[in-house]
1. Shape of the chain from its Cα gyration tensor (a ≥ b ≥ c, root eigenvalues): rounded if a/c is under 1.5, otherwise prolate when a/b > b/c, or oblate?
2. In nm, to one decimal, how far is the residue 210 label point from the residue 29 one, both placed 7 Å along Cα→Cβ?
3. Please list, in order, the residues from segment 146-170 whose amide nitrogen is less than 20 Å from a point placed 7 Å along the Cα→Cβ vector of residue 188.
4. Report the charge-dipole magnitude of the chain in Debye, nearest 20, computed about the Cα centre from +1 at each Lys and Arg Cβ and -1 at each Asp and Glu Cβ.
5. Pairs of Cα atoms under 8 Å, at least six residues apart: use those to get the relative contact order of segment 7-209, whole percent.
6. Which residue, chosen from 196, 114, 37, occupies the Cα position most advanced towards the positive end of the dipole of the chain, where the dipole is computed from +1 (Lys, Arg) and -1 (Asp, Glu) charges on Cβ about the Cα centre?
7. What lysines does residue 84 reach when the alpha-carbon gap must be under 21 Å and sequence neighbours fewer than 8 apart in one chain are set aside?
8. Along the charge dipole of segment 136-211, Cβ charges K/R +1 and D/E -1, which of 156, 136, 168 sits furthest on the positive end?
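Just so you know, all these numbers are worked out from the coordinates, no wet-lab data involved. Keep in mind it's a predicted model, so treat the numbers as computed, not measured. Virtual Cβ from ideal backbone geometry, glycine too; neighbours counted across all protein chains shown.
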Amino acid sequence: MSENYDFKTHWDIAYLKNSIEDLGWYEDDPVVSLDLINKCNLSRNSMIFHAGAGATKLIQKLKDDEYSNICVNDISKSAIDKLKSSINNIDGLSFVVDDLTNPKDLLNLEMVDLWHDRAVLHFFVQQSQQDAYFNLLKRKVKDGGYVIFSEFAIDGAKKCCGLDILNYSDEMFQERLGDDFELLESFKHLYKHPSNGNTRKYIYSLFKRKQ
């Protein structure tokens, strides 16, 4: 895929043409992410940043758990609009439509206690995209803050939504994060789509930034 590919239009079309439930990464209940977030023992006013959130159910679940300081990002305004319409009350939420690989508004993001990424990083196959993403992450995650990655595992799918994928291992996460981050937990997870039964192999990894 060319570095000049229009990812914004790609994702706008994906969310405009499909119901949320038909998208290949849809979760009725994002329990795996929630379990890892709970292990971070964050205060309810901790700053949580959801990178490339799409129209995830996770934001409503976090609201239900009384987290009150959540920044939601996606490159697609269509995705953010769908997400907003699915949430009971958007108090305590902020929304930033911006490109994680060429950030502008995200450069003004406040320091975060938790950076959560499910199925976003693996779309960044170009080195320049990865560099921009990890530079932003390392600039914005606090000392003692947490990072959760959920990406396609090494033996997982090679494409998603018509785009090439970079499959990940813990070693690859660690190499890109650097020595300032410590791996706390990692496991493989077989995702099963709630309606069509399709499966995808993920790796979930929880890191903490050293203080």
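1. Details: a/c = 1.21, a/b = 1.07, b/c = 1.13.
Taking the square roots of the gyration eigenvalues as a ≥ b ≥ c, the chain is rounded.
2. With each label point 7 Å from Cα toward Cβ, the separation is 3.9 nm.
3. 149-160, 165-170
4. Values: 26 positive and 33 negative charges, 26 e Å.
Around 120 debye, computed over the chain.
5. On the way: 364 pairs, mean separation 38.4, N = 203.
That works out to 19 percent.
6. Value: 196.
7. Of all the lysines, those that pass the test against residue 84 - Cα under 21 Å, at least 8 places apart if same chain - are 8, 17, 57, 61, 63.
8. Going by the charge dipole, the pick is 136.
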